[in-house]
1. Between residue 195 and residue 284, what FRET efficiency follows from the Cβ-Cβ distance if R0 is 45 Å, with the result rounded to 0.05?
2. In region 430-473, what is the volume of the convex hull around the alpha carbon atoms, normalised per residue and reported in Å³?
3. Multiply the residue separation of residue 23 and residue 176 by 0.36 nm, subtract the distance between their alpha-carbon atoms, and state the gained length in nm to one decimal.
4. Please list 298, 235 in order of solvent-accessible area, largest first, computed with a 1.4 Å probe with all protein chains present.
5. State the extension gain, in nm to one decimal, for the chain segment bounded by residue 418 and residue 474, taking 0.36 nm per residue of separation less the distance between their alpha-carbons.
6. Can you give the FRET efficiency for residue 240 and residue 219, using 1/(1 + (r/R0)^6), R0 = 30 Å, r = Cβ-Cβ distance, to the nearest 0.05?
7. Given R₀ = 45 Å, what would the calculated FRET efficiency be for residue 35 paired with residue 367, taking r from the Cβ atoms and rounding to 0.05?
8. Multiply the residue gap between residue 272 and residue 464 by 0.36 nm, knock off their C-alpha separation, and tell me the result in nm, one decimal place.
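The values are calculated or read from the model by the stated rules, or taken from the named source; none is laboratory data. As the structure is a prediction and not an experimental result, all values here were calculated from the model. Don't worry about glycine lacking a Cβ; one is built from the backbone with ideal geometry, like all the others, and counts go over all protein chains shown. Heads up: the accessible areas ignore ligands, DNA and RNA and are worked out on the full protein's heavy atoms, side chains in. Shrake-Rupley method; radii C 1.70, N 1.55, O 1.52, S 1.80 Å.
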Amino acid sequence: MLKQFLNFKLSQKLSPQQIQLMKLIQLPTQAFEQRLKQELEENPALDSGKEDNADEFDDFDNSQDEFDDSESIGNDEINVDDYLSDDEIPDYRTSANNYSADDEEKTMPYAAGTSFTQSLINQLNTYRLDDTEYKIAEFLVGSVDESGYIRRELIDIVDDLAFTQSIYTEEEKVEKILKTVHQLDPAGVGARSLQECLSIQLHRKPKNPDIELAIKLIDDGFEKFTKKHYKKLMHKFDITELQLKDAIHEIERLNPKPGGSYAGNNRRAEHVVPDFAIKIVEGELELTLNGRNAPELHVSREYSNMMKGYKEGNKKSKSQKDAVQFIKQKLDAAKWFIEAIKQRQQTLFVTMSAIMHYQKKFFLTGDERNLKPMILKDIADEIEMDVSTVSRVANSKYVDTPYGTKLIKEFFSESMTNDKGEEVSTREIKKILETVIEQENKKKPHTDEGLAKILKEKGYPIARRTVAKYREQLDLPVARLRKKI
């Protein structure tokens, strides 16, 4: 039996332009500049910078001028006047007036220098090696990562030498040449593990009782040392607590990442560019948007003149109609992009402004204990926008404050109730937990159970497993690994 049903379904589908706008909002300053550069390269109808006496365009209404590529173009189907205007758009329409004038620098200078790998190869030239040995050493140097380690097994390197360099050798010979690499600077470079890295550095130091004991700790007691089983180490090597302490002091002075200490490393340091700046002016907070987020954009004069030529022409040939179809598409895209940039500026500023006022007490003092519990929905309700929009702003943007550059999402936290029935931020609890651990007796650090008890005495009744979670989020080790002698 065949039955028919009538089913209604209400759904909302984002348009491609709305999706693009969301992506623009999510981009931090440097990525936004790259996206802007890409758009300028791909759309010849879009220009950047000021253009005096240029014919500009009226406000773009996204509900109008929809265009389907499959449509044919008749003489009267395109209203050319919609794309022409005798009025120049004033600067305030295409640039923000709330950006920082101090942040106009577009480029970040980097110091030039010899790369880390090249520096190691230059040092190889001072050693007596035959052609085959030099090629093996050079290959080993090329396998050193940016931290200064060789992470691959030597047997794999032997295979690679055969396949890529036509050098047929044995693992023993490669290991012998690796000893030469270990003599290069910085000390510890070419190590295959942290243990080997520390051992190389210690063996190159002038010998004294502390260094010799430190070598024993690393070479023969590394596992017990990493687990801080100090009593077992004292028993194993028949030493006093003072002797152990002096030897550990020598180990703590070593560099666990020798590659990172090389000033000429070809790795570029990542520079965080703040998207906002908050200043305190006469006791009040002042918010500015980084000027690099407020580019001056306009539609190309050349494309404007093309549209004028089409309007003034008497004959509309097939090629002219095809050309104007292309021009219209580019003009629509340019107008939409300019409008999207303005919407992005407004969304960023409104969202950060709401966050700033919500956390006003923190921004005036810099004390993390003054951070109020705040979730994405709090700000979304305040500015009457979607939670996902606030999330896009918070997750990828930084703000320059009097207390340093902060990731905006760090200002968000859940709440819990203290023993007085007041809602407090989990960030406040983490800060207190961090302070308690900093001030503890390092010879007898607090267990998670003990930390929970201390927090309860301070008015924050939380469970031991919650303390453990917060401690891990703060990247603090368990009590045994915090122990010092």
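1. Working from the Cβ atoms, E equals 0.20.
2. For region 430-473, the hull spanned by Cα atoms encloses 64 Å³ per residue.
3. 49.7 nm
4. 235, 298
5. 18.1 nm
6. That pair, residue 240 with residue 219, gives E of 0.90.
7. Calculated value: 0.75.
8. Gain in length upon complete extension: 65.5 nm.
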